[in-house]
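Let me begin by presenting the structure, written as structure tokens, before commenting on it.
The values are calculated or read from the model by the stated rules, or taken from the named source; none is laboratory data. Owing to the predicted nature of the structure, the values given are computational and were not obtained by experimental measurement.
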Amino acid sequence: MPIPSAALVNILRETSARLESGDSYQWSHFGRCNCGHLVQTVTRLSAAEIHVVCSPELLEWSEIPDDYCAGTGLRLEYVLDRLRELGLCRDDLRQVEDLSNACVLHALPGGHRWLQRNCREDVIVYFRTWADLLAKDLGDAAPAECTDDGVAEGRSMLEMSGLVSTLTASI
């Protein structure tokens, strides 16, 4: 989970607003999918530019290599570096593409539910909920968060990300 920042909150909210206003969405297109829309907001590249940059190197966003290394000068690196500057890592992008972060799902309006990764409305609610959680972490002394059993415990998403890492490492 990224370190909460006002910049990331604004990026998530801008992306969800753009999607809600009817911007083209296509889950199978690098520049118009969940991560593609986030990248559009972060980099100000067009969907077509993102597709050209990413499609020769990746089959989908979840395939960002574990051993990715900055510094080779590839245009894909420019995109990934901009995301890293916001505090996003490879796992965050995989969760964005699949709409699968446990804390975000737990905090959804109406309670936990599974979202469809290729549904515009689900992407919008996911980004908004994530932005709200990060904003809460920025402003609250004890924001709500989910735990391994899905119960709100009043801890921040930062604390929760450590708990999730500990749990997945022990599996």
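Laid out as a table, the results:
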quantity	calculated
Selection within the stretch 1-22 - hydrophobic (A, V, I, L, M, F, W, C) and in a loop (DSSP other than H, G, I, E, B)	Met1, Ile3
Residue selected from the stretch 23-61 under the condition in a loop (DSSP other than H, G, I, E, B) and small (Gly, Ala, Ser), by the criterion modelled with the lowest pLDDT	Ser55
Exclusive hit being modelled with pLDDT of 90 or more and among the β-branched types (Val, Ile, Thr), set Thr147, Thr129	Thr129
